[in-house]
Amino acid sequence: MDYTITYYSESVADEIFALPDTLAARYIVLTRRMVALGPNLGEPHTKAFGEGLYELRLKGAEGIARVFFCTLVGKRIVMLHSFVKKSTKTPVAEKTVALSRMKEIKHANT
């Protein structure tokens, strides 16, 4: 049975698919792989961020982007938040948004 990918909200899906072309293309390739093989693709594609939060790491000609996600029981992957990376470290505000959304999703599914 394959994994399923859902989005925290329609606006999160819109933001992801509005990424620059090479980043959006990379997202599509990696999420197809996640559906077939599971969420842990290993570095450099995915990385655990702790507390059940993971990041999908996108790199393309236009730069670098990250998509935070979490997993739920029943082979479900939920995309929580995305942003284009402009510095070496992940901004705390971006991680805070993702953690807040993850807690909301996990609380709603208990």
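The values are calculated or read from the model by the stated rules, or taken from the named source; none is laboratory data. For clarity, every value in this text was computed on a predicted model and none was experimentally measured. Cβ placement follows ideal geometry from the backbone for every residue including glycine, while neighbour counts extend to all protein chains displayed. Accessible surface is based on the protein model in full, side chains and every heavy atom, while ligands, DNA and RNA are left aside. Shrake-Rupley method; radii C 1.70, N 1.55, O 1.52, S 1.80 Å.
Being within 10 Å of the chain's Cα centre (by Cα) and farther than 20 Å from Lys75 by Cα is the filter here, so list the residues in the stretch 16-57 that pass it.
Scanning the stretch 16-57 gives Ile16, Arg57.
If the requirement is being touching a His at 6+ places or on another chain (Cβ under 8 Å) and either modelled with pLDDT of 90 or more or acidic (Asp, Glu) (or both), which of these qualifies: Val78, Val67?
None of the other options fit; the residue is Val67.
I need a count of the residues in the stretch 75-86 that are touching a residue at least 60 places away in the same chain (Cβ under 8 Å) and either out of contact with any strand residue (DSSP E or B) (no Cβ under 7 Å at 6 or more places or on another chain) or in a loop (DSSP other than H, G, I, E, B) (or both).
The qualifying residues number 1.
In the stretch 73-82, how many are open to solvent by 20 Å² or more (accessible area, probe 1.4 Å) and hydrophobic (A, V, I, L, M, F, W, C)?
Residues that pass the stated criteria total 1.
Just checking, how many residues over the stretch 87-103 are open to solvent by 40 Å² or more (accessible area, probe 1.4 Å) and in contact (Cβ under 8 Å) with a residue 12 or more places away in the chain?
Step one: filter the stretch 87-103 for residues open to solvent by 40 Å² or more (accessible area, probe 1.4 Å), giving 87-89, 91-97, 100-101, 103.
Adding the requirement that they be in contact (Cβ under 8 Å) with a residue 12 or more places away in the chain leaves 94-95, 97, 101.
So the count comes out to 4.
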